[in-house]
Amino acid sequence: MRHISKVGLAVVLSALVSQTYALGLLDAYQAALAQDRQWRGAVAQSDADREALPQAQSKLYPAVAFSNSYLKNQLNRSDLVDFNQSYPSRSNSLTLRQPIYQPKASAQIDMTQAAMPGVDAELEKNRQAMAVRLIAAYFQLALNTEKLQLLQAQTALLDAKLTSTEMAFRAGRGTRTDIDEVRAQRDLLAVDVLQAKQAAAVAAADVQLITGIKPEQVQRPHPKNFNVEDLRPAPFDVWLARVQQDNPELRARLARSQSLMAGVRVAEAERKPSVDFVTQVVETHGESPYFINARTRTRAVGVQMNIPIYQGGYEFSRERQALAMSREGQEQAELASQTVEQELRKTYFELSEGIIRVRALETARHSARESLHSNKKSFEAGVRTVLDVLQAEQRAMQVEIDLLQAKLGSLSAWLRLHAMTAEVNTAAIERLGNHLSY
């Protein structure tokens, strides 16, 4: 629960009361920290992995054991005289063992400590991945919702246009072809509206799966506050250096490689002797049928040494295995470095191209609106047909959808770029939210 903020809990509780929610981007992120099952599972796995260190350290701490036994013995003896006897026997033993020289346990502690940075990096990688999943689902819902609203608005315009075209035809000012073209366009649009509704419902379910909240309304790029130039990244070389230093995947792979290298020393230590300090107190009663009422107490203090001599080649096989795993860890770390660099290149160019695409589509939107306005005026003047106006309206609507998709794509690429350096946090989500509004 330490990973769940008060704001996230407040969002979740509010959502549980209202069942639906006007879900802002920051609210969605806080709710996801509290509710996303994948993230919570990653937190639990991280907590479990951290317990490996105290478990390894415990091998060098004193170990105290107590054992107790109670037995009922039956003696049957046959020689010159048959003899049968029943008697109980009891035994209590208290043993203290303190490791003095345990090279394998010490090497295991070093191996586990080398792995701990990887546990932190793996958790951070999962948090960044959760944010990326959330934003992808959130923006997909925003796009589908906006698309649905545009299609519904277009449907309303076509309904009104169909009515006016039918009235004009009855008044002798239009043609039957105009009516058929408007009706055909409206019927085609009805299919698009149905598809958009289904896509919006699926996207809303994806957001609810991550946040636990059924979104009633989500934010979209603000008409005035959205400035694509704010998303322009620093030079690629700068980002490459940052990724090589801060990327969670690379840090996790590096920690694993170092841990596997330390594992070689663990395997080598299996051939070394170990020394323990041992003290023991043993108390017995009735340990012999000849002295069934006798009690004995034994105290022992000393040092115990264990020297491996021959184990069937097991220890040498373990060393070869550890060396092979160490090489595998190094190769995986190198592969991760190359893969992350390639992913950075793709994401960086996607953001750079997205900025250019947004600028181009903003110009295209202005041109599409001008074209629509001109076609409407020409239609009123009798120069253009109804089909020309419908096509101009379709182009204008498509440009609006493409522009929104380009804006959301740029925001998503900006987020994924920062996720590669583990910089997606509340501040980054707030900065992203400054470009959005209801």
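The values are calculated or read from the model by the stated rules, or taken from the named source; none is laboratory data. Remember, predicted model here, so these are calculated numbers, not experimental data. Neighbour counts run over all protein chains shown; Cβ positions are idealised from the backbone, glycine included.
Might you let me know whether segment 47-68 holds any residue that is surrounded by 15 or more Cβ atoms within 10 Å (Cβ to Cβ) and modelled with pLDDT under 85? Within segment 47-68, none of the residues are surrounded by 15 or more Cβ atoms within 10 Å (Cβ to Cβ) and modelled with pLDDT under 85.
You will find that of 229, 283, the residue that is part of a helix (DSSP H, G or I) and acidic (Asp, Glu) is 229 and no other. Counting just the residues of segment 1-45 that are among the β-branched types (Val, Ile, Thr) and part of a helix (DSSP H, G or I), which one comes out modelled with the highest pLDDT? In this case the residue turns out to be 43. For segment 384-399, the condition holds for no residue, the condition being that it is free of Cβ contacts under 8 Å to residues at least 12 places away in the same chain, outside any strand (DSSP E or B) and exposed (fewer than 13 other Cβ atoms within 10 Å of the Cβ). Among the candidates 123, 96, the residue that is assigned by TED's automatic domain parsing to the domain that holds residue 286 and at pLDDT 95 or above is uniquely 96. Summed over segment 201-237, the residues that are aromatic (Phe, Trp, Tyr) and surrounded by 14 or more Cβ atoms within 10 Å (Cβ to Cβ) give a count of 1. Exactly one residue among 185, 198, 244 is part of a helix (DSSP H, G or I), of a type outside the set (Ser, Thr, Tyr) and surrounded by 17 or more Cβ atoms within 10 Å (Cβ to Cβ), and that residue is 185.
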